[in-house]
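A short write-up of the structure that comes next.
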Amino acid sequence: MPTLLEITTHLFLQLLVILAVYRLIWPLFRRLAQVQVVAVMVAGFVLGPSVLGAVWPSAQHWLFPATLQVGGTAITHPNLTAIYVVGQIGLVLYMFLVGASFKLDILGAHVRQAGATSAFGVVVPMILGSVLGWMMVSKGGYFTDKVSGWQGALFIAAAVAITAFPMLAWIVYDSGLLNTRLGTMSLSCAAVDDACSWILLATVVATARGSMNDALITLLGGLAYVLFMVLVGRRWLARLNTWSPRGDSGLSGGIPIAHLTIVLFVILFGAWFTDFVGIYSVFGAFVAGLVMPRGALLDRIRDRFEPLVAYFLLPAFFIYSGLNTQLSLIFEPSVLLMGALVLVVSFAGKFGAVGLAARWQGMGWREAGSMGALANARGLMELILLNIGQSAGLITTELYTILALMTIITTFAATPIQRIFERRALRDGFIFGPAGEQPKPAARPKPVTADVD
């Protein structure tokens, strides 16, 4: 059994390698019109058994050990547990930052359009996913014996319908769409999609354990948490907005310890409570960020936390997911066929439903197409769903690999396809703004300078 010093020493090396690999592959992904979060996600799979494990198995097993033999019994390696914990901390803090960055004013101006688009973006993929999930259970090999047909249908419905809210937030931010109708409505639809997917997942996990009471506790507990944070917590937290930077320090000064402690307390409470009732910590952290008062304090916290969380803590989560993926399984003919079917249903269902609904709600075809493309960014939340399904003993490694591969491909395709629609808008003289598609501002004429003899 490794000592605490050996565990921490090896963890430092693991985090160093994760950071180095991400930075090495980022220039390539930038040329492929990707955002940094996609490079971070792929780095996790590169260091797993699918790539590094296939090229250099002994090095991969030494660098990221998954099990440990103790008295002839295989147990989870302490370093795998350490990576999981670091990744969860990064995930919770990042979801808080996503909630804190949410533009409520733009959402309020387009709430009807966002609601209708979200409904279509959830219902259509769920129907398609349900049929596919029922077929997987009947075929066998993708779910464990404890999963019945309707439970498998709900699980795949959640997997197909989900849009990774934090992943999409990163894409929207890096693409300069944060203050546009496209960015805000895309994030709004993703929030609704994720909420519906969590309810379906909680139902599957609870019923697989043989208790509908757990599903009821999850639903009521989540509702109670949201109501408390919106109606009570938001008023209490508004007192934090009395602080302002001193002098001319701007956003470069320090954060008051008392205020920071309160913010961290709220984040950790939300993460703990939603984990306790079965919704999972990411939802609690997001709501905590959503109800935080906007102002100088929150701006400063975001400026301080974002680089550390996004590029140091969060990559550990992708590594943990990559260690559970074995792409070699996909080359079996039956698994390959099922994987292709899942990919087509997932991409076409989401793109078509969201794009057509947005067009029906009055968006231009370029903006609607962009929404449909962004809706396929499943990365982070899909991986969370898969990890929960695997830890609950619901899915096999084959299904985990199929859905993980679908996640990588659809997320990889989201940004380039969205930028195709954006370039077409620019070519036609339009940009995506707070009110939707609007004429591109005319270029300022260059000042004329007189020649001096």
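Is it the case that segment 214-221 has a residue that's modelled with pLDDT of 80 or more and in a helix (DSSP H, G or I)?
Yes, segment 214-221 contains at least one residue that is modelled with pLDDT of 80 or more and in a helix (DSSP H, G or I).
Residues checked against (1) modelled with pLDDT of 90 or more; (2) within 19 Å of residue 45 (Cα to Cα); (3) surrounded by 23 or more Cβ atoms within 10 Å (Cβ to Cβ); (4) small (Gly, Ala, Ser):
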| site | (1), (2), (3), (4) |
| --- | --- |
| 370 | yes, no, yes, yes |
| 373 | yes, no, yes, yes |
| 379 | no, yes, yes, yes |
| 382 | no, yes, yes, no |
| 389 | no, yes, yes, yes |
| 392 | no, no, no, yes |
| 398 | no, yes, no, no |
| 405 | no, yes, no, no |
| 408 | no, yes, no, no |
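Considering each of 300, 304, 294 in turn, give the residue that is charged (D, E, K, R), farther than 23 Å from residue 225 by Cβ and out of contact with any helix residue (DSSP H, G or I) (no Cβ under 7 Å at 6 or more places or on another chain). Quick ask: steps written out before the conclusion?
Numbers: 300 fails: out of contact with any helix residue (DSSP H, G or I) (no Cβ under 7 Å at 6 or more places or on another chain); 294 fails: farther than 23 Å from residue 225 by Cβ.
Going through 300, 304, 294 in turn, the sole match is 304.
Would you confirm, using the coordinates I've provided, whether residue 382 is more than 21 Å from the chain's Cα centre (by Cα) and touching a residue at least 12 places away in the same chain (Cβ under 8 Å)? Can you show your working first?
Working: more than 21 Å from the chain's Cα centre (by Cα): no; touching a residue at least 12 places away in the same chain (Cβ under 8 Å): yes.
No.
Across segment 312-341, what is the total count of residues that are polar (S, T, N, Q) and in a helix (DSSP H, G or I)? Explain how you work it out, then say what you get.
At the first step, the residues of segment 312-341 found to be polar (S, T, N, Q) are 321, 324-326, 328, 334.
Filter again for in a helix (DSSP H, G or I), leaving 321, 328, 334.
Number satisfying all stated conditions: 3.
Could you list, in sequence order, all residues of segment 350-365 that are crowded, with 23+ Cβ neighbours inside 10 Å and not aromatic (Phe, Trp, Tyr)? Quick ask: steps written out before the conclusion?
Looking only at segment 350-365, we keep the residues that are crowded, with 23+ Cβ neighbours inside 10 Å, and these are 350-351, 353-355, 357-358, 363.
Answer for segment 350-365, where residues must be crowded, with 23+ Cβ neighbours inside 10 Å and not aromatic (Phe, Trp, Tyr): 350, 353, 354, 355, 357, 358, 363.
Are there helices (runs of 4 or more DSSP H) fully within segment 108-188 with at least 3 residues that are among the polar types (S, T, N, Q)? List them. Walk me through how you get there before you give the answer.
On the way: elements: 111-139, 149-161, 165-174.
Hits in segment 108-188: 111-139.
Somewhere in segment 124-139, is a residue among the β-branched types (Val, Ile, Thr) and touching a strand residue (DSSP E or B) at 6+ places or on another chain (Cβ under 7 Å)? Walk me through how you get there before you give the answer.
As a first pass, look at segment 124-139 and keep what is among the β-branched types (Val, Ile, Thr): 124, 127, 131, 137.
Applying the additional criterion that residues be touching a strand residue (DSSP E or B) at 6+ places or on another chain (Cβ under 7 Å) yields 137.
For segment 124-139, residues among the β-branched types (Val, Ile, Thr) and touching a strand residue (DSSP E or B) at 6+ places or on another chain (Cβ under 7 Å): present.
Quick check on segment 348-359. Is at least one of its residues over 21 Å from residue 411 (Cα atoms) and touching a helix residue (DSSP H, G or I) at 6+ places or on another chain (Cβ under 7 Å)? Walk me through it before giving the result.
In the first step, residues of segment 348-359 are kept if they are over 21 Å from residue 411 (Cα atoms); the result is 359.
From what's left, touching a helix residue (DSSP H, G or I) at 6+ places or on another chain (Cβ under 7 Å): 359.
The answer is yes, given that some residue of segment 348-359 is over 21 Å from residue 411 (Cα atoms) and touching a helix residue (DSSP H, G or I) at 6+ places or on another chain (Cβ under 7 Å).
Return the pair list, or none, for Cβ contacts closer than 9 Å from residues in segment 85-102 that are closer than 17 Å to residue 173 by Cα and outside any helix (DSSP H, G or I) to residues that are of a type in the set (A, V, I, L, M) and at pLDDT 85 or above, at least 6 apart or on different chains.
If the second residue must be of a type in the set (A, V, I, L, M) and at pLDDT 85 or above, the pairs left are 102/290.
Being over 19 Å from the mean Cα position of the chain (by Cα) and polar (S, T, N, Q) is the filter here; which residues of segment 9-62 pass it?
9, 14, 50, 58, 60
Residues that are surrounded by 17 or more Cβ atoms within 10 Å (Cβ to Cβ) and either modelled with pLDDT of 90 or more or touching a strand residue (DSSP E or B) at 6+ places or on another chain (Cβ under 7 Å) (or both), at least 3 per element: which helices (runs of 4 or more DSSP H) completely within segment 1-68 meet that? Explain how you work it out, then say what you get.
Details: elements: 4-31, 36-46, 52-55, 57-63.
Passing ranges, in order: 4-31.
Checking the structure you have, find out if any residue of segment 438-448 is modelled with pLDDT of 80 or more and crowded, with 19+ Cβ neighbours inside 10 Å. Step through it out loud before you land on a result.
To start, the set of residues in segment 438-448 that are modelled with pLDDT of 80 or more comprises 438-439.
Narrowing the set further to residues that are crowded, with 19+ Cβ neighbours inside 10 Å leaves none.
No, there is no match, as no residue in segment 438-448 is modelled with pLDDT of 80 or more and crowded, with 19+ Cβ neighbours inside 10 Å.
Does residue 327 fit the bill of being surrounded by fewer than 24 Cβ atoms within 10 Å (Cβ to Cβ), touching a helix residue (DSSP H, G or I) at 6+ places or on another chain (Cβ under 8 Å) and touching a residue at least 12 places away in the same chain (Cβ under 8 Å)?
Working: surrounded by fewer than 24 Cβ atoms within 10 Å (Cβ to Cβ): yes; touching a helix residue (DSSP H, G or I) at 6+ places or on another chain (Cβ under 8 Å): yes; touching a residue at least 12 places away in the same chain (Cβ under 8 Å): yes.
The answer is yes for residue 327.
Considering only segment 381-421, how many residues are of a type in the set (A, V, I, L, M, F, W, C), closer than 19 Å to residue 349 by Cβ and in contact with a Leu (Cβ under 7 Å, 6 or more places away or on another chain)?
8
Any idea which of 344, 309 is modelled with pLDDT of 85 or more, under 24 Å from residue 282 (Cα atoms), part of a helix (DSSP H, G or I) and β-branched (Val, Ile, Thr)?
Details: 344 fails: under 24 Å from residue 282 (Cα atoms).
Answer to the check: 309.
Can you tell me which condition residue 87 does not meet? The list is (1) modelled with pLDDT of 85 or more; (2) more than 17 Å from residue 322 (Cα to Cα), and all the others hold.
Going through (1) modelled with pLDDT of 85 or more; (2) more than 17 Å from residue 322 (Cα to Cα) one by one, residue 87 breaks only (2).
The values are calculated or read from the model by the stated rules, or taken from the named source; none is laboratory data. Every value quoted in this text rests on a predicted model; they were computed, and no experiment measured them. No Cβ is skipped: glycine too gets one built from the backbone with ideal geometry, and neighbour counts run over all protein chains shown.
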